[in-house]
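Read-outs throughout are calculated quantities, based only on the coordinates presented, and are distinct from any laboratory measurement. Bear in mind the structure is a predicted one, so any value in this text is a computation, not a measurement. So basically every Cβ, Gly included, is an ideal-geometry build from the backbone, and we count neighbours across all protein chains shown.
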Amino acid sequence: MTELEKYITSYFGVEQEDLIMISSLFKLQTLKKGDFYLRTGRYCEKLSFVKSGLLRIYVSTEDKEVTQWISTKGYFITDLSSLVFDSPARWTIQALSDAELYTIKKEDYNQLGNKIPKWHLLEKLFIAKCFTMLEDRIFSHLSMTAEERYHVFFEKNKELFNQVPLQYIASMLGMTPETFSRIRRKTIS
């Protein structure tokens, strides 16, 4: 059973024949460090599950880059708004390391409802899970101090602190690199 199949089974409890149908539409894709999965302004035509590697989701503004998320093994990546609403992508997604992805093309994704009777329920659960993760991030930004956000993120993602540039993590946590460094120094001391 692939990592993708394990994820689908653990979160959505699909029947074996549906699982086989869904996973057969995902094809293995590799990215080299620095390769772009998607660039801002283009149309997103795929959804991927990260088998291995790190990918950064970000946008460049006039004066800085804002990191929205660093995706690791076991997460999905896409620009959901672009994928669903056929709008230009807001986000750029770039590999921070060599990566392997299970990728489904938009046209295959759109056909799942015709092939799997329970698909609309599964898709609803998937979108709800994404929305809940987003709500949790918003809540932490609104209710926690920068120091609290740092500590919570560090406890859940210690390995990232040695794998990606720290300014990306600082941006993702909504703080300047200087604030991040001050908190990090205080924590290490």
Fill in the blank from the handout: Checking Ser82, Ser52, Ser143 against a Gaussian network model of the chain (alpha-carbon springs below 10 Å), the top fluctuating residue turns out to be Ser143
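Shape of segment 144-189 from its Cα gyration tensor (a ≥ b ≥ c, root eigenvalues): rounded if a/c is under 1.5, otherwise prolate when a/b > b/c, or oblate?
Judged from the Cα gyration tensor, segment 144-189 comes out rounded (a/c under 1.5).
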Exercise for the section: Step through the residues of segment 95-111 one at a time and calculate ³J(HN,Hα) from phi using the Karplus curve (6.51 cos²θ - 1.76 cosθ + 1.60, θ = phi - 60°), rounding each to whole Hz and writing x for Gly and Pro. Expected result: 6, 8, 8, 4, 9, 10, 10, 9, 10, 10, 6, 4, 5, 6, 4, 5, 8
Handout entry: Residues whose placed amide H lies under 5 Å from that of Leu96, excluding near-sequence neighbours
Key = Gly34, Leu54, Leu55, Arg56
Fill in the blank from the handout: Amide H proximity to Leu38 below 5 Å, modelled H, separation 5+ or other chain, gives Ile93
Exercise for the section: Quick one: order Phe49, Phe126 by neighbouring beta-carbon count within 10 Å, fewest to most. Expected result: Phe126, Phe49
Fill in the blank from the handout: Mean separation of Cα contacts under 8 Å (at least 6 apart) over the residue count of segment 3-135, i.e. the relative contact order in percent, is 32 percent
Exercise for the section: Between Ser97 and Leu142, with labels modelled 7 Å along Cα→Cβ, what's the label distance in nm to one decimal, could you check? Expected result: 3.4 nm
Practice task
Excluding Lys32 itself, calculate the net charge of residues whose Cβ lies under 13 Å from the Cβ of Lys32, where each Lys or Arg counts +1 and each Asp or Glu counts -1.
Solution key: -2
Completion exercise
For the chain, longest principal axis from Cα atoms; helix 119-143 axis from its Cα atoms; angle between them, nearest 10 degrees, is 10 degrees
Problem - In segment 43-122, GluC sites (Glu not before Pro) in a DSSP loop with at most 11 other beta-carbon atoms within 10 Å - result: Glu62
Practice task
For the chain, with a Gaussian network of springs between Cα atoms less than 10 Å apart, report the residue from Gln29, Gln167, Gln16 with the top mean-square fluctuation.
Solution key: Gln16
Exercise for the section: Using amide H atoms built 1.01 Å from N in the peptide plane, name the residues 5+ places from Tyr43, or on other chains, whose amide H lies under 5 Å from its own. Expected result: Ala89
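Which of Asp98, Asp108, Asp63 has the fewest other C-beta atoms within 10 Å, and how do the rest follow up to the most?
On the way: Asp98 14, Asp108 17, Asp63 5.
Listing Asp98, Asp108, Asp63 from fewest to most nearby Cβ atoms yields Asp63, Asp98, Asp108.
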Fill in the blank from the handout: Computed on Cα atoms, Rg of the chain relative to 2.2 N^0.38 Å comes out at 1.09
Fill in the blank from the handout: Karplus-derived 3J(HN,Hα) from phi for segment 35-48 (6.51 cos²θ - 1.76 cosθ + 1.60, θ = phi - 60°), whole Hz, x at Gly and Pro, runs 5, 9, 7, 7, 10, 3, x, 8, 9, 7, 10, 7, 10, 9
